[in-house]
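Asks: Let me give you the structure first, and then I'll get to my questions.
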Amino acid sequence: MAIPNGYIPIRSWFEGQGQKVNWDQNTKTINAGNFTFKPGDYIEENGVSYINPTKLAGSYLSQPQQQLNQQTLQPYIDTAKSIYEPIYNTRSEALQRALNNISSQAENQRRLAEGAYQNSRSALQRQETQDEEKARRSAIARGTYSSGLYDHAQQELDKAYAPEYQQLESNKAANLANIASQAALASENLASQGKDLEAQMMQNIMNTALQNFQQGQTGQSQKTQQLANYLLNLGQLNNEQEKYQSSPEAQPWYLDLYKQSLQTDIAAKNRSNRPSTVSTPKDTLSKNATNNAIAQVYTYKSKDEALTALSQYGQAMANQGIDLQAVYKAIESRWPY
């Protein structure tokens, strides 16, 4: 089977665009890019499958636009993540370091508070011991050490110091609570910043993914339209060529008839340019004009083009005294076949 002029080899077309082409031997089906071509959609010659460009253009124009869903959006999300995640990680690490510093500072403050408490308690205990020693010596000096009076005095001394010990404990608890509260507030603030940062990153990723998806759809639509227009133009050109090839003008016998008609017409025009007197039959013919016309023959690209021009402008040339028969012979001489 002869391949019609302009038909496109399917594999070369799609692989040239970086798309895969697969052949299913069982069903005689061609899977090319996003398209599937079944028997009847293409013709085959010497193991190569060809398709009408107009039909292929229709396939491009009829394919549905890609729908927005998680699967189609995921590649764009992954690309956006590769852009924003390094920025997010850098900022997140900075927040984590700040959080670690808060914990470290809070721990240092707790140790200082514990140390201050221990120092104050030790000082109070030393003071209490000194007071107890004074009371004991006083009781010995008065001879009341072994009596109940010394025990009573010791109890009173314990009561006197009890509030101070309680105050120390209260101050310690208040200091530790204040340190914990400040650390928790600072940590909460940083945690809030971390959540805001993560939310901002996700928002940026989704916005960028959606924008890139839409741009990709627009770009793909434009590319598809351009391909379809090219194929439609190619198909139209092929149709015009087929019409011409099937027309009488394209047949060899038509050119022969055209030559015969042109020769007859040239002879008639040459006769009409000759004077009625026999003495000067060729005086009206201009040699210079004829030579110029013959030189113009070599400016045409084909014999058909030259003959068409001679037929169209022959009357005007004859009126200028140009020997049309000489011009025709020049055409035949340049293109003898």
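Asks: For the range 316-337, give me each residue that is within 20 Å of LYS301 (Cβ to Cβ), at pLDDT 85 or above and open to solvent by 40 Å² or more (accessible area, probe 1.4 Å).
Replies: Those that are within 20 Å of LYS301 (Cβ to Cβ), at pLDDT 85 or above and open to solvent by 40 Å² or more (accessible area, probe 1.4 Å): LYS329, GLU332, SER333, ARG334, TRP335.
Asks: Mind checking which pairs have a first residue in the range 113-137 that is touching a residue at least 12 places away in the same chain (Cβ under 8 Å) and in a helix (DSSP H, G or I) and a second that is of a type in the set (D, E, K, R) and open to solvent by less than 70 Å² (accessible area, probe 1.4 Å), Cβ under 7 Å, 6 or more apart or different chains?
Replies: Listed by first residue and then by second, the contacts come to ALA113/LYS172; TYR117/LYS172.
Asks: Being of a type in the set (A, V, I, L, M, F, W, C), open to solvent by 40 Å² or more (accessible area, probe 1.4 Å), part of a helix (DSSP H, G or I) and modelled with pLDDT of 75 or more narrows it down to one of LEU257, LEU307, LEU227, LEU232, so name that one.
Replies: LEU232
Asks: Kindly indicate whether TYR84 is touching a helix residue (DSSP H, G or I) at 6+ places or on another chain (Cβ under 6 Å) and of a type outside the set (Lys, Arg).
Replies: Judged against the criteria, TYR84 is a match.
Asks: Of all residues being surrounded by fewer than 14 Cβ atoms within 10 Å (Cβ to Cβ) and within 22 Å of TYR230 (Cβ to Cβ) in the range 20-47, which is farthest from the chain's Cα centre (by Cα)? Just the residue, please.
Replies: LYS20
Asks: Test ASN212 against the criterion of being over 25 Å from PRO86 (Cβ atoms), out of contact with any Asp or Glu (no Cβ under 7 Å at 6 or more places or on another chain) and surrounded by 14 or more Cβ atoms within 10 Å (Cβ to Cβ), and give yes or no.
Replies: No, not satisfied.
Asks: Same structure again: Quick one: how many residues across the range 162-187 are within 25 Å of LEU112 (Cβ to Cβ) and more than 60 Å from the chain's Cα centre (by Cα)?
Replies: Going through the range 162-187 one residue at a time, the tally reaches 12.
Asks: I'm told SER59 meets every condition in (1) within 21 Å of the chain's Cα centre (by Cα); (2) of a type in the set (S, T, N, Q); (3) surrounded by 17 or more Cβ atoms within 10 Å (Cβ to Cβ) except one. Can you identify the failing condition by its number?
Replies: (1)
Asks: To continue, here is another question. Any residue in the range 146-155 that is open to solvent by 60 Å² or more (accessible area, probe 1.4 Å) and not in a helix (DSSP H, G or I)?
Replies: Yes; the residues of the range 146-155 include at least one that is open to solvent by 60 Å² or more (accessible area, probe 1.4 Å) and not in a helix (DSSP H, G or I).
Asks: Hey, another quick one. In the list ALA184, ALA177, ALA209, which residue meets the criterion of being assigned to a helix (DSSP H, G or I) and in contact with a Ser or Thr (Cβ under 8 Å, 6 or more places away or on another chain)?
Replies: After applying the criteria, what remains is ALA209.
Asks: Do you know which residues across the range 122-135 are closer than 20 Å to GLN154 by Cβ and open to solvent by less than 70 Å² (accessible area, probe 1.4 Å)?
Replies: The answer is LEU124, GLU128, ASP131, GLU132, GLU133, ALA135.
Asks: Just name the residue that is modelled with the highest pLDDT out of those in the range 56-75 that are over 30 Å from ILE10 (Cα atoms) and outside any loop (DSSP other than H, G, I, E, B).
Replies: Looking at residues that are over 30 Å from ILE10 (Cα atoms) and outside any loop (DSSP other than H, G, I, E, B), I get GLN74.
Asks: With the checklist (1) over 30 Å from GLN193 (Cα atoms); (2) surrounded by 12 or more Cβ atoms within 10 Å (Cβ to Cβ); (3) of a type in the set (A, V, I, L, M) in hand, flag the one item LEU112 doesn't pass.
Replies: With respect to (1) over 30 Å from GLN193 (Cα atoms); (2) surrounded by 12 or more Cβ atoms within 10 Å (Cβ to Cβ); (3) of a type in the set (A, V, I, L, M), LEU112 is out only on (1).
Asks: Among (1) in contact with a helix residue (DSSP H, G or I) (Cβ under 8 Å, 6 or more places away or on another chain); (2) open to solvent by less than 80 Å² (accessible area, probe 1.4 Å); (3) farther than 19 Å from ARG121 by Cβ, which single condition is ALA199 missing?
Replies: That leaves (1) as the condition not met.
Asks: May I pose another question? Could you grab me the full set of residues in the range 3-19 that are open to solvent by 80 Å² or more (accessible area, probe 1.4 Å) and in contact (Cβ under 8 Å) with a residue 24 or more places away in the chain?
Replies: ASN5, ARG11
The values are calculated or read from the model by the stated rules, or taken from the named source; none is laboratory data. Bear in mind the structure is a predicted one, so any value in this text is a computation, not a measurement. Reconstructed Cβ throughout: ideal geometry from the backbone, glycine too, with neighbour counts over all protein chains shown. Accessible surface areas use protein heavy atoms only, side chains included; no ligands, DNA or RNA. Shrake-Rupley method; radii C 1.70, N 1.55, O 1.52, S 1.80 Å.
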